[in-house]
Amino acid sequence: KDEHSLVESDKPKETFEDVGGLEEVKKKIRMNFILPLQQPEIFKAYGKEAGGSLLLFGPPGCGKTFLARAVAGEIDANFIHIELQAILSMYVGQSEHNLHDVFQKARENKPCVIFIDELDAMGGSRHQMRQHHERMLVNQLLTELDGLQSGNDQVFVIGATNTPWYLDSALRRPGRFNHLVFVPPPEEEERSTILQLKLAGKPTSSLSLGKLAAETKLFSGADLEQVVNDAVTSAMERTFETGEIQPITQDDLRKALKERKATTIEWFA
Ligand code: ATP
């Protein structure tokens, strides 16, 4: 943790392999963030600039944060997580100052991925004082983003929001969050992959993940993770009862998914 606990930083070990599905999204990120770092000469030859900033949007729990961490993991970068809501709870002036410090710190610890969660926290307030505060912070963020344009800073900014329609329009202008990427709920095959990832290395009986995937329409990655956690708990309870390691069964998973709801439904409503 940082001296101001609004900001957390670490060096993620997750990579794209840990993120189930989202192939299109990964491809886009590879092209814009990862390959330019690995093969700058190719991008130079075509007069393309590397880096920039990326805006991920979509329903909660579908992997925006996870993906951002994996980007850092892929390029062996530091990862700084900013929660805007927390920064906005500071005094006017202090918020902007803090945001500036974060970008400064990122430049000193490059390569670095800055992840800004809840970007929509900076738009749409009706309260006048608050509006003023949000505007100041948006301006500061724009200044910081413009500052990154100037060279190969190796500082990458990834923003995320569940509600892109509340986003301050200044943030979406060209040169700011120039890559807008939808992170959808996983399709059936992707759900199967995610279940497999979450069960990896755990004792299981023979499972038909395909069947479970078919029964979990609109479940987010986070929902699926919960299903697996619940099933793990059931198997562990049996283990404590019998004194022997019990595998996670199809039945454990089926029961668990019956008790969980697909949380992305509300987002689409
Ligand atoms: P929010 O909008 O609520 O912040 P988010 O889109 O950032 O949500 P994450 O925090 O990235 O969602 O996802 C929550 C958890 O769900 C992750 O820690 C991860 O374990 C799991 N998860 C989500 N999507 C995937 C995925 N595609 N593959 C593997 N795990 C996933």
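The values are calculated or read from the model by the stated rules, or taken from the named source; none is laboratory data. All values derive from a computational prediction rather than experimental measurement. Cβ: placed from backbone, ideal geometry, glycine included. Neighbour counts: every protein chain shown. Only protein heavy atoms, including side chains, enter the accessible area calculation; ligands, DNA and RNA are left aside. Shrake-Rupley method; radii C 1.70, N 1.55, O 1.52, S 1.80 Å.
Here are the numbers for this structure:
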| read-out | value |
| --- | --- |
| Single match in THR193, THR242 (criterion: surrounded by 13 or more Cβ atoms within 10 Å (Cβ to Cβ), among the β-branched types (Val, Ile, Thr) and modelled with pLDDT of 95 or more) | THR193 |
| Single condition ARG173 does not satisfy, out of (1) open to solvent by 70 Å² or more (accessible area, probe 1.4 Å); (2) touching a helix residue (DSSP H, G or I) at 6+ places or on another chain (Cβ under 9 Å); (3) farther than 27 Å from LEU88 by Cα | (3) |
| Helices (runs of 4 or more DSSP H) wholly inside the stretch 168-269 that include at least 3 residues being more than 12 Å from the ligand (Cβ to nearest atom), over 30 Å from GLU134 (Cβ atoms) and of a type in the set (A, V, I, L, M) | 209-214, 221-242, 250-259 |
| Positions within the stretch 13-40 being without any contact (Cβ under 8 Å) to a residue 60 or more places away in the chain and basic (Lys, Arg), in sequence order | LYS26, LYS27, ARG30 |
| Any pair with Cβ under 9 angstrom, 6 or more apart, that starts in the stretch 157-169 at a residue that is among the acidic types (Asp, Glu) and ends at one that is within 13 Å of the ligand (Cβ to nearest atom) | ASP168/LEU119; ASP168/ASP120 |
| Close pairs (8 angstrom Cβ cut-off, 6 or more residues apart or separate chains): on the phi > 0 side of the Ramachandran plot in the stretch 116-131, within 16 Å of the ligand (Cβ to nearest atom) anywhere | GLU118/GLU83; GLU118/LEU84; GLU118/GLN85; GLU118/ALA160; GLU118/THR161; GLY124/TYR166 |
| Single condition MET122 does not satisfy, out of (1) open to solvent by 80 Å² or more (accessible area, probe 1.4 Å); (2) over 24 Å from SER220 (Cβ atoms); (3) touching a helix residue (DSSP H, G or I) at 6+ places or on another chain (Cβ under 6 Å) | (1) |
| Enumeration of residues in the stretch 141-167 that are surrounded by fewer than 19 Cβ atoms within 10 Å (Cβ to Cβ), in a helix (DSSP H, G or I) and away from the ligand (no atom under 16 Å from the Cβ) | LEU142, THR143, ASP146, GLY147, GLN149 |
| Condition met for THR216 (modelled with pLDDT under 95, touching a helix residue (DSSP H, G or I) at 6+ places or on another chain (Cβ under 7 Å) and not aromatic (Phe, Trp, Tyr)) | no |
| Where a residue in the stretch 95-110 is over 12 Å from VAL157 (Cα atoms) and its partner, wherever it lies, is open to solvent by 60 Å² or more (accessible area, probe 1.4 Å) and assigned to a helix (DSSP H, G or I), with Cβ under 6 Å and at least six apart | GLU96/MET136 |
